[in-house]
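Structure, as structure tokens:
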Amino acid sequence: MSARPVLRRCVACRCLRDRDQLWRVIRLAVGGVALDRGFGRSAYLCPDAACLEDARKRRRLQRALRCNMDDVVYQALESRLQHPRQSCGRVAEAR
Ligand SMILES: [Zn+2]
């Protein structure tokens, strides 16, 4: 068994990264949008605040998936930033 890295492109910064290091957003074949797993058209995004914000502003996930998307998807990804698995030097702003 070889762990061959599968590279995917972030929809925001367009860098290629190992699929395991990206968030996956799926437009489900049965309708709706899911994160991480599911069958359908997929888009990938770095787990990074800058990429998330860019994607949100420019509606990159919607474009990549060719569908409308509730902001709740971006909110769900944003909440993941509060629990980072890797340190990226960013701190959530307190209001
Ligand atoms: Zn990115």
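Throughout, read-outs are computed from the coordinates displayed, never taken from laboratory work. In this text the structure is predicted, and so the values were computed from the model without any measurement. Here the Cβ is made from the backbone with ideal geometry for all residues, glycine too, and neighbour counts use every protein chain on show.
Things worth noting here:
- With the simple model of a label 7 Å out from the Cα in the direction of the Cβ, Arg80 to Asp36 spans 0.8 nm.
- Under the Debye formula (equal points on every Cα, no solvent term), log10 I(q)/I(0) of region 7-81 at q = 0.12, 0.20, 0.23, 0.24 Å⁻¹: -0.26, -0.77, -1.05, -1.15
- The magnitude of the dipole of the chain, with charges of +1 and -1 set on the Cβ of Lys/Arg and Asp/Glu and taken from the Cα centre, is near 420 debye.
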